[in-house]
Amino acid sequence: GEFEFVRVESDPENPAVAVIRLDRPKMNALNAQVQGEIAAAAARVAGDDAVRAVVLYGGERVFAAGADVKEMAESDYADMATRSRALQDSFTAVARIPKPVIAAVTGYALGGGCELALCADFRVAADDAKLGQPEILLGIIPGAGGTQRLPRLVGPARAKDIIYTGRMVEADEALRIGLVDDTVPTADVYPTAVAMAARYANGPALALRAAKEAVDSGIDADLGTGLEIERLQFAGLFATEDQQTGMRSFIEHGPGQAQFT
Ligand code: HXC
């Protein structure tokens, strides 16, 4: 890719799996440029039909230690009043990638790093990974979705404890409370995430997209609105080739045999 700190690559063995790779040593601190590159990377994988699933990865040592504190320390209210929307928007662009997205979390996922991982559909973490929202220790609060996406994932009381204390959440606790979905040895984090992504990459792209939109839009809506979103997405899939392929395959060969293109 042409970005400086964020690369978009396809996994060599699974070309339908795109990897958004953060690479800003030492800690993948998320400065304004990285945020912009993340938004551009999200747009690119969202718009590329050859990409069927996505892995977010920060390398073997660290996912991301959060916003660049050295850059942020210089900001005043007027700066942040203009910049804070762009911060949120870049992660919202990741959350809205209309394909399965898996975060491969090694080392630390703190502050904005944790908030980025929260934008994935699933999180695979190293068994020694540490996640958290340490903003309170800097005299601020999470500003890239942490006060909203964390409670939606782990519940309000657990989220408040994590945000109020700023403490690090070890991988085993993260697994227990649903903050991550799997823990594996560090060396297995990336291959496990790619294997998950590859499994979805063979599925029907438009149905996966509809499923993601229905769940994510529905969670923010009342039940009646959510059911209406589901109904429209559901009916819409009857205009797709995948629906024909899937149902014809069931009738001719039995369940789970369909080869989607
Ligand atoms: C800028 C950072 C950084 C950060 C680490 N570094 N985190 N620089 N912003 N968020 C730098 C250190 O200054 C140091 O630079 C080098 O990376 C290595 O860090 P160390 O602290 O020496 O390493 P270690 O002792 O292993 O501790 C790692 C760590 C710790 C636990 C991740 O660095 C840490 O607590 N970092 C801050 C985490 C944090 O508060 N994140 C939330 C930020 S607020 P030198 O040059 O000395 O080697 C936030 C708000 C989000 O994210 C809002 C929207 C995005």
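What distance in nm lies between label points placed 7 Å from Cα along the C-beta direction at Gln88 and Arg61?
Going by the 7 Å Cα→Cβ label model, 3.4 nm.
Please report the antiparallel percentage of the DSSP beta bridges confined to the chain, to the nearest 5. It would help to have the intermediate numbers written out before the result.
On the way: 8 of 29 bridges.
Antiparallel bridges make up about 30 percent of those DSSP assigns within the chain.
As a footprinting exposure proxy, order Tyr77, Tyr164 by other Cβ within 10 Å, with the fewest listed first.
Working: Tyr77 7, Tyr164 11.
In increasing order of surrounding Cβ atoms, one gets Tyr77, Tyr164.
Using packing as a proxy for protection, rank 105-115, 123-133, 48-58, 224-234 so that the peptide with the highest average count of other Cβ atoms within 10 Å comes first.
Details: 105-115: 27.9, 123-133: 24.5, 48-58: 21.5, 224-234: 14.2.
The packing order, highest mean first, is 105-115, 123-133, 48-58, 224-234.
Helix 205-219 versus the longest principal axis of the chain: what angle, 0 to 90°, nearest 10, using Cα atoms?
So the helix axis and the longest Cα principal axis differ by about 50 degrees.
With each pseudo-label sitting 7 Å past Cα toward Cβ, what's the Arg7-Ile177 distance in nm, one decimal?
3.4 nm
With angles folded into 0 to 90 degrees, how steeply does helix 186-201 sit against the dominant principal axis of the chain? Use alpha carbons for both and round to 10.
Computed tilt is about 40 degrees.
Please say if segment 157-235 is rounded, prolate or oblate, where rounded means a/c under 1.5 for a ≥ b ≥ c the square roots of the C-alpha gyration tensor eigenvalues, and otherwise the choice is prolate for a/b larger than b/c and oblate otherwise? Don't skip to the answer; put the middle values down first.
Numbers: a/c = 4.36, a/b = 1.30, b/c = 3.36.
Note, shape of segment 157-235 comes out oblate.
From the mean inverse distance of alpha carbon pairs (Kirkwood) and the Cα radius of gyration, derive Rg over Rh for segment 1-86.
On the way: Rg = 14.4 Å, Rh = 13.9 Å.
Reported Rg/Rh (Cα atoms, Kirkwood Rh): 1.03.
What size of dipole, in debye to the nearest 20, comes out for the chain about its Cα centre when the only charges are +1 on Lys and Arg C-beta atoms and -1 on Asp and Glu C-beta atoms? Working shown, then result.
On the way: 25 positive and 37 negative charges, 46 e Å.
In debye, rounded to 20, the chain gives about 220.
Which of Met196, Met168 comes first, and how do the rest follow, when ranked by fewest Cβ neighbours within 10 Å?
Working: Met196 21, Met168 18.
Final ranking by Cβ density, sparse to dense: Met168, Met196.
How large is the convex hull of the C-alpha atoms of the chain per residue, in Å³? Numbers along the way, then the final one.
Values: hull volume 36.6 nm³, N = 261.
Dividing the Cα hull volume of the chain by its residue count gives 140 Å³.
Determine the gain in length on full extension of the stretch Gln148-Asp161; use 0.36 nm per residue of separation and subtract their C-alpha separation, reporting nm with one decimal.
Values: separation 13, 0.36 × 13 = 4.68 nm, distance 1.39 nm.
Roughly 3.3 nm would be gained on extension.
Under a GNM of the chain (C-alpha, springs under 10 Å), which listed residue has the highest mean-square fluctuation: Asp242, Asp11, Asp79?
Highest fluctuation of the listed residues: Asp79.
What shape does segment 30-146 have by the C-alpha gyration tensor, where a ≥ b ≥ c are the square roots of the eigenvalues, rounded means a/c under 1.5, and otherwise prolate means a/b greater than b/c and oblate the rest?
Numbers: a/c = 2.22, a/b = 1.28, b/c = 1.74.
Note, shape of segment 30-146 comes out oblate.
What is the gain in length, in nm to one decimal, between Glu228 and Asp128 on full extension, counting 0.36 nm per residue of separation less the C-alpha to C-alpha distance?
That works out to 31.8 nm of additional length.
Counting only pairs 8 or more places apart or on different chains, how many lysine pairs in the chain have C-alpha atoms closer than 28 Å?
Within the chain, the lysine pair count is 9.
Please state the shape class of segment 107-224: rounded when a/c is under 1.5, otherwise prolate if a/b exceeds b/c and oblate if not, all from the C-alpha gyration tensor.
Details: a/c = 2.30, a/b = 1.22, b/c = 1.88.
Here segment 107-224 falls in the oblate category.
Give me the number: length gained by fully extending Asp220 to Lys26, i.e. 0.36 nm times residue separation minus the C-alpha to C-alpha distance, one decimal in nm. Present the calculation step by step, with values, prior to reporting the outcome.
Values: separation 194, 0.36 × 194 = 69.84 nm, distance 3.61 nm.
Computed gain between Asp220 and Lys26 is 66.2 nm.
We did not get these values from a lab; they are worked out from the coordinates using the rules stated. All values derive from a computational prediction rather than experimental measurement. Backbone-built Cβ (ideal geometry, glycine too); neighbour counts: all protein chains shown.
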